[in-house]
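Just so you know, all these numbers are worked out from the coordinates, no wet-lab data involved. As the structure is a prediction and not an experimental result, all values here were calculated from the model.
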Amino acid sequence: MTRRYEIVYIFDSTAEEAKIEEQLERFHALLKNGDNPEPIQNVNHWGKRTLAYSIGANEIGYYVVVQFATDPTLLPEFERLVKLEESVIRYQIVLNEGEVPVPAPVPGEDGAAKDTKDGKDGKDADEPAPTATATPDPTPDAAPDPDSAPASAPAGTGEGATDAES
């Protein structure tokens, strides 16, 4: 049973592109089997990018995103080989369970909101408008009001009571 996966490789930025291609071919050869002689569906070289945080001494990595379909039983040996390769800084394999979702356009970002049923502000005409019910949050640093003692306690015996009031 073949399943679709996606892997993101981050290679050391000092690696040459020819060496990266050679390593990718070696990695992807492990994904082939009798049922699926060409498992690779898409290879996208993103190139050198700054890492979100440094990994060891690396602050820049060469990113490659690959979509492939293979038998899940072949993944452990594939991952073992990727882990042993010193030029791979990080990698992440995820199960690709469908099409990549396309982000919805943000209204007002490009000057025009998308038309919907009523063609106005991006909301359906059948939906009621949300009502604003704002209740002010008490500030945690505010001192308690001595006049608002709990109903079960007599006035002047709350936490804010002083010796003069008792």
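What to note about this one:
- Distant-in-sequence amide H partners of residue 96 (H built 1.01 Å from N, under 5 Å): 4, 5, 6
- A simple rule links phi to the HN-Hα coupling: the Karplus curve 6.51 cos²θ - 1.76 cosθ + 1.60 with θ = phi - 60°, which for region 80-94 gives 4, 5, 5, 5, 6, 6, 5, 7, 8, 6, 8, 8, 8, 10, 10 Hz, with x for Gly and Pro.
- Our coupling estimate for region 51-61, obtained by passing each phi through the Karplus curve with A = 6.51, B = -1.76, C = 1.60 and θ = phi - 60°, is 6, 5, 8, 6, 10, x, 9, 8, 10, 10, x Hz, Gly and Pro reported as x.
- In terms of its C-alpha gyration tensor, region 25-108 comes out oblate, because a/c is 1.5 or above while a/b does not outweigh b/c.
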